[in-house]
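Read through the structure below, which is laid out as structure tokens, and then see the notes.
The values are calculated or read from the model by the stated rules, or taken from the named source; none is laboratory data. Since the model is a prediction, treat every value here as computed from it, not as a measurement. Positions of Cβ are backbone-derived with ideal geometry, glycine not excepted, and every protein chain shown enters the neighbour counts. For accessibility, only protein heavy atoms count, side chains too; no ligands or nucleic acids. Shrake-Rupley method; radii C 1.70, N 1.55, O 1.52, S 1.80 Å.
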Amino acid sequence: MNLVPAQYRNVSVADVPVALDEAALRAHLLGRPVYRRTRYLVARHAGACAVVEVSKRSEAPLFSPVTAVSVVARAGETAFVDAPEVDTAVPTQLARAAADHAPSARCVVVRGRYGHVSFIADPAPIQVKVVEVVPPWPPKLVDQLRRVLDLADDLPPVELVEELVDLTALAATRPARHYLFPCRAGQASGTVAPGTAGPGAGVPVSYLDEIPDRAPWTMVGCARSRSIHDWFYGGEVPTVDMCPRNLAGRYARPGAAGPAPVITKCCLLEDRVSSDDGLVVVPWGASVAQIRDGLKLAIAAARPAPATSPTPR
């Protein structure tokens with residue numbers, strides 16, 4: 001699954017004068033010289049295409065004769081797609097193009113940005129669940145992950161599955177006459193809309209980072225928010241837990257070979273990424289490098305553990 005050439009320069013495209021069945025392609029290609037970096041050939045004939053893998057006598061000279069041909073995908077299961085927005089060097093972009101343009105094809109050849117051609121055979125992107133709170137919009141962690149994946153030419157295809165928790169709906173689980181959120185970033189106004197959280201007209205909202213005068217509010221926050229609240233105000237405060245790490249508990253499952261791994265964030269992590277039993281946590285203000293590290297850990301958690309040999313008796 002997820003067969004993607006290591007580099008698009010390993011892929012050549014040729015119009016051939018023979019039918020696209022294995023016997024005809026083998027007879028046509030054996031002994032013909034191909035470029036030293038060519039490993040796969042997209043053969044086109046009569047409006048159809050097939051993909052074959054070729055072996056060469058040597059990779060030392062610039063061109064070398066083909067010594068073996070094996071079919072990767074036959075004509076009836078291969079689609080050719082023009083998608084100039086796709087960087088064909090990036091497996092996730094190839095998988096997305098296959099799903100968008102030819103979801104029923106087993107192999108999708110894509111002519112993308114810069115005119116470069118590559119393909120993906122048997123696309124099966126690794127699913128990674130992303131647990132994030134909103135607003136802000138777009139969801140920051142999801143947006144960061146997408147931007148990393150759009151450039152990740154060394155990672156396998158990944159599909160992000162968004163699990164978004166709306167903070168207004170979360171607040172509604174504990175109706176109140178006044179709410180305190182951690183900060184104004186991403187919040188559209190100073191009130192919570194009627195019918196979503198609490199009775200009456202718009203419910204007033206204050207923001208902890210502005211250190212407002214104390215009021216009988218319910219705080220929508222996390223452990224760090226409670227610590228800051230204690231620092232400035234002291235005393236007990238009704239709280240709705242909005243920590244993505246805690247919310248992610250309902251989506252995470254034990255076992256690295258089990259269901260999709262989960263990636264989320266937590267402000268108690270300041271300078272590292274953690275991973276435990278398929279739950280990957282990055283800092284709240286994660287850098288691009290930390291997001292990438294988190295992705296690699298999630299991908300590793302999604303892969304089945306290597307088989308072990310039975311213990312000799």
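Quick notes on this one:
- Qualifying residue in segment 97-120 (condition: in contact with a strand residue (DSSP E or B) (Cβ under 8 Å, 6 or more places away or on another chain), part of a helix (DSSP H, G or I) and open to solvent by 80 Å² or more (accessible area, probe 1.4 Å)): yes
- Within segment 195-208, one or more residues are among the aliphatic types (A, V, I, L, M), under 20 Å from residue 220 (Cβ atoms) and at pLDDT 95 or above.
- Near pairs, Cβ below 6 angstrom, 6+ apart or cross-chain, from segment 72-96 (more than 30 Å from residue 19 (Cβ to Cβ)) to any residue that is of a type in the set (Val, Ile, Thr): 91/4; 92/158; 93/86
- Among the residues making up segment 127-154, a single one is of a type in the set (D, E, K, R) and touching a Phe, Trp or Tyr at 6+ places or on another chain (Cβ under 8 Å): 129.
- Residue 35 among the hydroxyl-bearing types (Ser, Thr, Tyr), open to solvent by 30 Å² or more (accessible area, probe 1.4 Å), touching a strand residue (DSSP E or B) at 6+ places or on another chain (Cβ under 7 Å) and in contact (Cβ under 8 Å) with a residue 12 or more places away in the chain: yes
- Unmet requirement for residue 134, which otherwise passes all of (1) open to solvent by 10 Å² or more (accessible area, probe 1.4 Å); (2) closer than 23 Å to residue 246 by Cα; (3) more than 14 Å from the chain's Cα centre (by Cα): (1)
- Checking each residue in segment 149-159 for being within 18 Å of residue 289 (Cα to Cα) and assigned to a strand (DSSP E or B) picks out only 158.
- The set of residues from segment 38-51 being without any contact (Cβ under 8 Å) to a residue 60 or more places away in the chain and either open to solvent by 60 Å² or more (accessible area, probe 1.4 Å) or under 14 Å from residue 80 (Cα atoms) (or both) comprises 39, 41, 43, 44, 45, 46, 47, 48, 50.
- Meets criteria (within 29 Å of the chain's Cα centre (by Cα) and closer than 30 Å to residue 151 by Cα) for residue 59: no
- Selection from segment 1-32 of residues that are open to solvent by 50 Å² or more (accessible area, probe 1.4 Å) and in a strand (DSSP E or B): 3, 13, 15
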